[in-house]
Amino acid sequence: MLKLIYCIRRQPHLSLEEFQAHWLETHARYGRDNPVIRRYIQYHRLIDDPVMQAMEQAEGTVVEPFDGVAVSWWDDAESLKAEMAGPRVAEALEDEKHFIDHSRSTACLAEERVIFEPQGNTPLVLFECLKRRTDIDHAEFSKRWHEHGKIGRRARDAGFLKGYIQNVTLEGRQEGLEAISGDDTFDGVTTGYFESVAKLRKLLGSPLVTKDAYEDECLFMDHKRCGYLVTRRHVIRDLIR
(Lines give C-alpha, C1' and ligand atoms only; values in the text may rest on other atoms or scores of the structure.)
Protein backbone atom coordinates (compact mmCIF):
# COMPACT_ATOMS: atom_id res chain seq x y z
CA MET A 1 0.00 0.00 0.00
CA LEU A 2 0.94 3.64 -0.46
CA LYS A 3 1.29 5.69 2.68
CA LEU A 4 0.36 9.39 2.96
CA ILE A 5 2.08 11.12 5.89
CA TYR A 6 0.56 14.53 6.67
CA CYS A 7 2.53 16.60 9.21
CA ILE A 8 0.19 19.24 10.59
CA ARG A 9 0.49 22.61 12.31
CA ARG A 10 -2.57 24.20 13.88
CA GLN A 11 -4.15 27.55 13.23
CA PRO A 12 -2.32 30.12 15.41
CA HIS A 13 -5.44 31.18 17.32
CA LEU A 14 -6.04 27.67 18.68
CA SER A 15 -4.48 26.02 21.70
CA LEU A 16 -3.03 22.54 21.22
CA GLU A 17 -5.96 21.07 23.17
CA GLU A 18 -8.53 22.91 21.03
CA PHE A 19 -6.81 21.81 17.83
CA GLN A 20 -6.65 18.18 18.91
CA ALA A 21 -10.27 18.13 20.11
CA HIS A 22 -11.65 19.32 16.76
CA TRP A 23 -9.35 16.99 14.84
CA LEU A 24 -10.41 13.92 16.81
CA GLU A 25 -14.04 14.67 17.66
CA THR A 26 -15.20 16.42 14.48
CA HIS A 27 -12.78 15.91 11.61
CA ALA A 28 -12.05 12.20 12.12
CA ARG A 29 -15.23 11.20 10.27
CA TYR A 30 -13.68 12.21 6.93
CA GLY A 31 -11.07 9.50 7.29
CA ARG A 32 -13.35 6.96 8.95
CA ASP A 33 -16.17 7.19 6.41
CA ASN A 34 -14.18 7.41 3.18
CA PRO A 35 -14.18 3.93 1.54
CA VAL A 36 -11.10 4.72 -0.57
CA ILE A 37 -8.94 5.18 2.52
CA ARG A 38 -7.86 1.74 3.74
CA ARG A 39 -6.45 2.78 7.11
CA TYR A 40 -6.37 6.10 8.95
CA ILE A 41 -4.57 6.99 12.19
CA GLN A 42 -4.22 10.30 14.00
CA TYR A 43 -1.07 10.91 16.03
CA HIS A 44 -1.46 13.75 18.55
CA ARG A 45 1.63 15.51 19.89
CA LEU A 46 2.11 15.26 23.64
CA ILE A 47 1.75 18.53 25.51
CA ASP A 48 4.95 17.72 27.42
CA ASP A 49 6.99 16.38 24.51
CA PRO A 50 10.32 15.05 25.87
CA VAL A 51 12.02 15.07 22.47
CA MET A 52 11.14 18.70 21.77
CA GLN A 53 12.35 19.64 25.24
CA ALA A 54 15.68 17.93 24.57
CA MET A 55 15.99 19.53 21.13
CA GLU A 56 15.32 23.02 22.49
CA GLN A 57 17.97 22.59 25.18
CA ALA A 58 20.52 21.33 22.66
CA GLU A 59 19.47 23.79 19.91
CA GLY A 60 19.17 20.68 17.78
CA THR A 61 16.74 21.86 15.10
CA VAL A 62 15.38 25.04 13.52
CA VAL A 63 12.19 23.32 12.35
CA GLU A 64 8.99 24.61 13.93
CA PRO A 65 7.27 21.80 15.88
CA PHE A 66 4.37 19.97 14.30
CA ASP A 67 1.17 19.52 16.32
CA GLY A 68 0.29 16.11 14.94
CA VAL A 69 0.56 13.66 12.08
CA ALA A 70 -2.24 12.07 10.08
CA VAL A 71 -1.30 8.84 8.33
CA SER A 72 -3.53 7.20 5.75
CA TRP A 73 -3.04 4.12 3.58
CA TRP A 74 -4.14 3.89 -0.08
CA ASP A 75 -4.18 1.18 -2.72
CA ASP A 76 -2.04 3.14 -5.18
CA ALA A 77 -1.09 6.61 -6.42
CA GLU A 78 -3.88 6.68 -8.99
CA SER A 79 -6.68 6.16 -6.47
CA LEU A 80 -5.12 8.76 -4.15
CA LYS A 81 -4.80 11.36 -6.90
CA ALA A 82 -8.38 10.80 -8.06
CA GLU A 83 -9.76 11.07 -4.53
CA MET A 84 -7.76 14.21 -3.77
CA ALA A 85 -9.53 15.89 -6.70
CA GLY A 86 -12.99 14.65 -5.65
CA PRO A 87 -15.85 16.05 -3.52
CA ARG A 88 -15.14 14.05 -0.35
CA VAL A 89 -11.64 15.49 0.03
CA ALA A 90 -12.89 18.95 -0.95
CA GLU A 91 -15.35 18.81 1.95
CA ALA A 92 -12.63 17.62 4.32
CA LEU A 93 -10.31 20.44 3.23
CA GLU A 94 -13.03 22.98 3.97
CA ASP A 95 -13.26 21.64 7.51
CA GLU A 96 -9.47 21.68 7.86
CA LYS A 97 -9.48 25.44 7.36
CA HIS A 98 -11.02 25.71 10.83
CA PHE A 99 -8.05 24.16 12.62
CA ILE A 100 -5.11 23.40 10.26
CA ASP A 101 -2.70 25.98 8.86
CA HIS A 102 -2.06 24.53 5.41
CA SER A 103 0.66 27.08 4.66
CA ARG A 104 2.75 25.66 7.54
CA SER A 105 1.91 21.97 7.11
CA THR A 106 3.51 19.43 4.80
CA ALA A 107 2.79 15.99 3.36
CA CYS A 108 4.67 13.25 1.57
CA LEU A 109 4.03 9.87 -0.03
CA ALA A 110 6.13 7.03 1.28
CA GLU A 111 6.70 3.30 1.26
CA GLU A 112 7.37 1.41 4.47
CA ARG A 113 10.64 -0.28 5.26
CA VAL A 114 10.03 -2.33 8.39
CA ILE A 115 13.11 -2.74 10.57
CA PHE A 116 11.06 -4.61 13.17
CA GLU A 117 7.33 -4.70 13.77
CA PRO A 118 5.85 -3.14 16.94
CA GLN A 119 5.29 -5.67 19.68
CA GLY A 120 2.89 -5.46 22.62
CA ASN A 121 1.32 -2.28 23.95
CA THR A 122 2.78 0.72 22.10
CA PRO A 123 0.55 3.79 22.52
CA LEU A 124 3.37 6.31 22.04
CA VAL A 125 4.98 6.94 18.66
CA LEU A 126 8.08 9.04 18.00
CA PHE A 127 8.14 10.72 14.59
CA GLU A 128 11.44 11.90 13.13
CA CYS A 129 10.97 13.82 9.86
CA LEU A 130 14.33 13.57 8.15
CA LYS A 131 16.23 15.82 5.77
CA ARG A 132 19.29 14.40 4.07
CA ARG A 133 22.71 16.00 3.96
CA THR A 134 23.02 18.31 0.99
CA ASP A 135 26.09 16.48 -0.33
CA ILE A 136 24.31 13.14 -0.88
CA ASP A 137 21.38 12.18 -3.10
CA HIS A 138 18.15 10.49 -2.05
CA ALA A 139 19.38 7.01 -2.96
CA GLU A 140 22.53 7.34 -0.85
CA PHE A 141 20.51 8.80 2.02
CA SER A 142 18.14 5.83 1.86
CA LYS A 143 21.03 3.35 1.86
CA ARG A 144 22.78 4.90 4.86
CA TRP A 145 19.49 5.25 6.73
CA HIS A 146 18.76 1.57 6.16
CA GLU A 147 22.16 0.69 7.62
CA HIS A 148 21.29 2.87 10.61
CA GLY A 149 18.60 0.33 11.46
CA LYS A 150 21.20 -1.55 13.48
CA ILE A 151 20.99 1.19 16.13
CA GLY A 152 17.24 0.66 16.39
CA ARG A 153 17.77 -3.06 16.89
CA ARG A 154 20.20 -2.33 19.72
CA ALA A 155 17.57 -0.11 21.35
CA ARG A 156 15.07 -2.96 21.04
CA ASP A 157 17.50 -5.48 22.54
CA ALA A 158 18.12 -3.09 25.45
CA GLY A 159 14.37 -3.06 26.19
CA PHE A 160 13.61 0.53 25.14
CA LEU A 161 12.16 0.45 21.62
CA LYS A 162 9.16 -1.75 20.77
CA GLY A 163 8.94 -1.12 17.03
CA TYR A 164 10.84 0.72 14.30
CA ILE A 165 9.73 1.58 10.77
CA GLN A 166 11.45 3.71 8.13
CA ASN A 167 9.03 5.46 5.76
CA VAL A 168 10.99 6.27 2.60
CA THR A 169 9.66 9.25 0.67
CA LEU A 170 8.91 8.62 -3.00
CA GLU A 171 10.84 11.18 -5.01
CA GLY A 172 8.82 13.12 -7.54
CA ARG A 173 5.54 11.49 -6.43
CA GLN A 174 3.72 14.37 -4.77
CA GLU A 175 0.98 14.82 -7.38
CA GLY A 176 -2.36 15.64 -5.84
CA LEU A 177 -0.93 16.90 -2.55
CA GLU A 178 -0.71 20.56 -3.53
CA ALA A 179 -3.69 21.54 -1.36
CA ILE A 180 -2.08 20.28 1.85
CA SER A 181 1.65 20.63 1.24
CA GLY A 182 4.22 23.04 -0.11
CA ASP A 183 7.19 22.15 -2.27
CA ASP A 184 9.48 21.52 0.70
CA THR A 185 9.06 18.04 2.14
CA PHE A 186 11.13 15.40 3.92
CA ASP A 187 13.34 12.61 2.58
CA GLY A 188 11.96 10.11 5.05
CA VAL A 189 9.98 9.71 8.27
CA THR A 190 10.97 7.41 11.12
CA THR A 191 8.29 5.97 13.39
CA GLY A 192 9.53 4.52 16.67
CA TYR A 193 7.10 2.78 19.03
CA PHE A 194 7.26 2.96 22.84
CA GLU A 195 5.19 1.66 25.73
CA SER A 196 5.89 4.61 28.07
CA VAL A 197 7.41 8.08 28.26
CA ALA A 198 9.68 6.79 31.03
CA LYS A 199 11.38 4.36 28.66
CA LEU A 200 11.63 6.98 25.93
CA ARG A 201 13.28 9.47 28.31
CA LYS A 202 15.70 6.79 29.48
CA LEU A 203 16.67 6.01 25.90
CA LEU A 204 17.11 9.71 25.01
CA GLY A 205 19.61 10.13 27.85
CA SER A 206 21.60 7.01 27.06
CA PRO A 207 24.92 6.91 25.13
CA LEU A 208 23.12 4.80 22.54
CA VAL A 209 21.29 7.96 21.44
CA THR A 210 23.56 10.82 22.54
CA LYS A 211 26.70 9.25 21.04
CA ASP A 212 26.18 6.17 18.85
CA ALA A 213 22.94 7.11 17.09
CA TYR A 214 23.86 10.79 16.74
CA GLU A 215 27.27 10.09 15.21
CA ASP A 216 25.81 7.58 12.77
CA GLU A 217 22.98 9.95 11.80
CA CYS A 218 25.54 12.61 10.87
CA LEU A 219 26.51 10.38 7.94
CA PHE A 220 23.17 10.95 6.22
CA MET A 221 21.02 13.50 8.14
CA ASP A 222 21.03 17.27 8.52
CA HIS A 223 19.81 17.47 12.12
CA LYS A 224 19.13 21.20 11.97
CA ARG A 225 16.52 20.70 9.22
CA CYS A 226 14.78 17.66 10.73
CA GLY A 227 11.53 17.72 12.70
CA TYR A 228 10.67 15.69 15.79
CA LEU A 229 7.57 14.99 17.86
CA VAL A 230 6.26 12.40 20.32
CA THR A 231 2.64 11.46 19.81
CA ARG A 232 -0.21 9.43 21.23
CA ARG A 233 -1.97 7.27 18.68
CA HIS A 234 -5.71 7.51 17.97
CA VAL A 235 -7.03 4.77 15.73
CA ILE A 236 -9.80 5.96 13.43
CA ARG A 237 -9.90 3.12 10.97
CA ASP A 238 -8.37 -0.38 10.87
CA LEU A 239 -5.29 -0.39 13.11
CA ILE A 240 -2.35 -2.39 11.86
CA ARG A 241 0.24 -0.57 13.93
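The values are calculated or read from the model by the stated rules, or taken from the named source; none is laboratory data. The shown structure was predicted, so the numbers you read here are calculated from the model rather than taken from an experiment. Cβ placement follows ideal geometry from the backbone for every residue including glycine, while neighbour counts extend to all protein chains displayed. Heads up: the accessible areas ignore ligands, DNA and RNA and are worked out on the full protein's heavy atoms, side chains in. Shrake-Rupley method; radii C 1.70, N 1.55, O 1.52, S 1.80 Å.
Not counting ligands, DNA or RNA, and with a 1.4 Å probe, what is E91's accessible surface area in Å² rounded to the nearest 10?
Its heavy atoms expose roughly 110 Å² to the probe.
Using alpha-carbon pairs under 8 Å, 6+ residues apart, how would you state the relative contact order of the stretch 126-241 in percent?
Taking the mean separation of contacting Cα pairs over the length of the stretch 126-241, I get 48 percent.
Would you calculate a helix-derived [θ] at 222 nm for the chain, using -39,500 (n - 2.57) for each DSSP H run of n ≥ 4 and dividing by the full residue count, to the nearest 500?
-7500 deg cm²/dmol
Evaluate the distance, in nm, between pseudo-label points positioned 7 Å from the Cα of K202 and of R237 along their respective Cα→Cβ axes.
3.8 nm
Using just the C-alpha positions of the stretch 1-44 as equal point scatterers, what log10 of I(q)/I(0) does the Debye formula give at each q in 0.16, 0.28 1/Å?
Debye intensities relative to I(0), on a log10 scale: -0.49, -1.12.
For the chain, give the magnitude of the charge dipole about the Cα centre (Cβ charges: +1 Lys/Arg, -1 Asp/Glu; no others), in debye to the nearest 20.
860 debye
Hey, what did the chain get for relative contact order, percent, Cα under 8 Å, at least 6 apart?
It comes to 34 percent, rounded to a whole number.
Once the whole set of protein chains is in place, how much accessible area is left on D76, using a 1.4 Å probe, in Å² to the nearest 10?
Surface open to solvent at D76 totals about 60 Å².
Can you tell me the 0 to 90 degree angle between the C-alpha axis of helix 87-96 and the longest principal axis of the chain, rounded to 10?
The answer is roughly 60 degrees.
How far is the Cα center of the stretch 39-94 from the Cα center of the stretch 151-221, in Å?
Result: 15 Å between the Cα centres.
Report Y6's accessible area, 1.4 Å probe, all protein chains in place, as a number in Å² to the nearest 10.
The accessible area comes out at roughly 20 Å².
On the Cα set of the stretch 105-241, report Rg and Dmax in Å, please.
So, for the stretch 105-241, Rg and Dmax equal 15.0, 42 Å respectively.
As a test of the definition: which semi-axes, in Å, follow for the chain when you take the square root of five times each eigenvalue of its alpha carbon gyration tensor? Largest first, please. Let's see the in-between values first.
Numbers: eigenvalues 152, 78, 62 Å².
So the equivalent ellipsoid measures 28, 20, 18 Å along its semi-axes.
What percentage of the solvent-accessible surface of the stretch 1-112, computed with a 1.4 Å probe over protein heavy atoms, is contributed by carbon and sulfur atoms?
Carbon-and-sulfur percentage of accessible area, whole number: 49.
At 1.4 Å probe size, with the rest of the protein present, what percent of the exposed accessible area of the stretch 153-241 is carbon and sulfur atoms?
Its accessible area is 51 percent carbon and sulfur atoms.
In Å², and per residue, what accessible area does the stretch 21-74 have when probed at 1.4 Å with the other protein chains present?
It amounts to 44 Å² per residue over the stretch 21-74.
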